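Everything on this sheet refers to the single structure shown next.
The values are calculated or read from the model by the stated rules, or taken from the named source; none is laboratory data. Every value quoted in this text rests on a predicted model; they were computed, and no experiment measured them. Cβ coordinates were reconstructed from backbone atoms using ideal geometry, including for glycine residues, and neighbour counts include every protein chain displayed. For accessibility, only protein heavy atoms count, side chains too; no ligands or nucleic acids. Shrake-Rupley method; radii C 1.70, N 1.55, O 1.52, S 1.80 Å.
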Amino acid sequence: MFQNVGEMLVLFFRTLAALPLAWRQRQKVADQFFEIGNASLLMVCILSFFIGSVIALQTGPLLVEHGLASYVGGVVGYSICRELAPVMMAILIAGRIGSSMAAEIGSMRVYQEIDALRTMNINPIHYLVLPRLIALSAALPLLVIFAILVGWLGGAFVCVANTRIEISFAAFLSALRDVVEISDVANGVFKSFVFAVIIGVVSCHQGLITRGGPRGIGRSVTKAVVNSIVLIVIFDYLLTRALQK
Amino acid sequence: MNPPTSNQQGVSVQVRGLHKSFDGQEVLKGLDFDVQAGEIFVIMGPSGSGKTVLLKHLIGLEQPDAGDVLIQGQSIQSPEVMGRFRMAMVFQSGALLSSLTVGENVGLYLSEHRLMPASEIARIVAEKLEVVGLKGTEDKMPNELSGGMKKRVAIARALVIEPQLILYDEPTSELDPLSAVVVAEEILHLQERIRVTSLVVSHDRDLAFGVADRMAVINEGRILTIGTPEEVRRNPDPLVQQFLRADFKHSNERKEHEKHA
């Protein structure tokens with residue numbers, strides 16, 4: 001385990017050191033960015049809408065019952081932007097994008113494509129890891145902003161439609177504005193940036209150390225997803241603690 | 001990174017006391033040999049004798065447990081060697097990047113190192129593909145090609161580099177006899193044109209004796225013999241002779257012989 005952590009840190013710092021070369025890889029960054037968007041936008045939309053709806057459904061009737069109807073928008077808005085959107089989207093992206101990164105790089109490793117790059121004096125970190133990490137670090141925060149907006153919409157929809165809550169859209173929005181500040185959204189977006197780096201580094205590392213045939217690739221994919229999720233949850237706690245108001 | 005030039009000379013290779021083990025099993029047991037600049041050196045030996053592992057050490061893809069590989073007197077493990085000398089390897093499987101087209105694969109070295117404008121790269125790619133008999137396949141994906149065609153694309157990719165040292169891992173395996181001749185001729189042509197140093201690992205005795213200036217036979221991680229093709233052919237070592245004379249007797253001929261007996 002410690003060897004893996006050490007290797008991931010080395011990979012991360014080597015990728016950071018290669019950042020000045022990012023402009024040369026802009027086409028690959030753009031390709032990866034749109035691939036991530038295409039692969040996950042619909043899922044993000046569905047997931048965040050229903051997360052917002054469920055939070056409103058769970059908390060709304062209880063708050064209304066205790067005469068706290070004016071807090072429903074705030075509770076839904078606050079929990080989505082600071083916690084649920086960044087964490088749930090990161091888990092979704094770990095499963096959807098992290099797995100495909102580990103599989104793609106792992107298969108390149110197994111079928112000697114990475115060796116072929118090295119014989120052409122092409123650094124696999126510059127060619128494979130750097131574009132993926134940059135694209136993921138840009139895409140996940142944008143997806144989280146989108147998820148926050150859709151999640152709020154889902155919450156508002158339930159508050160308006162559910163007969164046990166019955167709060168108008170304007171009242172929901174007003175309550176949300178009273179509680180949620182721009183720094184709360186920034187907090188969630190910052191978390192998602194850290195999670196994106198974790199997913200990128202873990203998945204690329206698993207791909208690069210893949211050994212064996214198709215079974216080895218499968219093992220790497222599983223490890224990439226599981227390790228990413230575990231680290232996301234641990235870092236979520238640490239970041240929440242560090243960024244507490 | 002230096003752009004390819006047509007007057008580039010080959011480089012010499014020295015292998016000194018090379019040892020390598022995997023999971024406690026010794027694959028290379030202290031190999032020593034020299035390859036002269038501009039020479040075609042063929043390494044033959046049965047499967048599992050350590051040929052491919054040796055080839056990977058020669059281009060820095062594996063780190064030796066002991067010993068060293070010197071390219072023009074400079075250790076392959078020193079970081080500047082790969083930038084200083086142009087080297088290429090033709091993998092047994094081709095090792096084409098499956099997400100790139102044939103044209104992108106062949107031109108990858110030039111485009112990644114930004115050695116030429118895109119139009120010039122496209123011209124060179126078309127030229128090299130024509131050399132290996134795959135004219136007009138630039139837009140195909142590797143998964144649309146047969147095993148032999150992939151091998152020829154890999155050779156075209158190596159040719160684009162105009163290397164000073166080129167390593168071939170079983171260059172004629174999976175190729176039909178005509179394509180094998182094309183590849184053998186290209187190995188010779190490349191040596192004549194740019195005096196490239198070529199190291200060929202092969203089971204193919206026709207190829208080996210047809211192109212080699214010198215050759216080595218290795219078995220179980222040790223060199224059995226080194227010399228010119230004639231010297232190797234005359235070597236009395238029973239293992240060398242067994243490997244060089246191994247032949248498949250056609251079953252019909254055998255049946256006929258048994259019938260007469």
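See the values below:
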quantity: Neighbouring partner chain Cβ atoms per residue of A:107-116, average, 10 Å criterion; calculated: 6
quantity: Listed residue pairs exceeding 20 Å between alpha carbons, taken from A:28/B:151; B:56/B:151; B:51/B:128; A:28/A:191; A:28/A:223; calculated: A:28/B:151; B:51/B:128; A:28/A:191; A:28/A:223
quantity: For residues of B:159-165, the mean tally of beta carbons on other chains within 10 Å; calculated: 1
quantity: Contour minus Cα-Cα distance for residue A:161 and residue A:23 (0.36 nm per residue); calculated: 44.8 nm
quantity: Computed E for residue B:130/residue A:62 - FRET, C-beta separation, R0 56 angstrom, nearest 0.05; calculated: 0.15
quantity: Residue-level accessible surface for residue B:203, protein heavy atoms, 1.4 Å, Å²; calculated: 80
quantity: Residue-normalised accessible area of chain B, expressed per residue, 1.4 Å probe, Å²; calculated: 46
quantity: Degrees between helix A:169-179 axis and first principal axis of chain A (Cα, 0 to 90, nearest 10); calculated: 70
quantity: Accessible area buried, both sides summed, chains B and A with 1.4 Å probe, Å²; calculated: 1800
quantity: Cα centroid of segment A:191-245 to Cα centroid of segment B:139-199, whole Å; calculated: 40
quantity: Net charge, residue B:121 excluded, C-beta distance under 14 Å - Lys, Arg +1, Asp, Glu -1; calculated: -2
quantity: Accessible surface of residue A:145 - all protein chains present, 1.4 Å probe, nearest 10 Å²; calculated: 70
quantity: Kyte-Doolittle mean at least -1.0 and Cα axial length at least 24 Å: DSSP H helices in chain B; calculated: B:177-194
quantity: Trypsin sites (Lys or Arg not before Pro) lying in DSSP loop within segment A:139-213, provided at most 13 other Cβ fall within 10 Å; calculated: A:164, A:211
quantity: Percent of beta bridges antiparallel (DSSP, the protein assembly as shown, rounded to nearest 5); calculated: 55
quantity: Contact order normalised by residue count of segment A:26-238, Cα under 8 Å, 6+ apart, percent; calculated: 37
quantity: Protein accessible area in segment B:57-184, 1.4 Å probe - carbon and sulfur %; calculated: 52
quantity: Sequence-separation-based contact order of chain B, relative, with Cα cut under 8 Å and 6+ spacing, percent; calculated: 26
quantity: DSSP beta bridges in chain B [antiparallel fraction, %, rounded to 5]; calculated: 55
quantity: Threshold 50 Å², segment B:66-94 residues less accessible with all protein chains present than alone (1.4 Å probe); calculated: B:82, B:91
quantity: Those residues of segment A:119-143 for which accessible area with every protein chain present is at least 20 Å² below the isolated value (1.4 Å probe); calculated: A:119, A:120, A:121, A:122, A:127
quantity: For chain A, accessible area per residue (1.4 Å probe, heavy atoms of protein chains only), Å²; calculated: 48
quantity: Peptide-level mean, for B:107-115, of C-beta atoms on other protein chains within 10 Å; calculated: 3
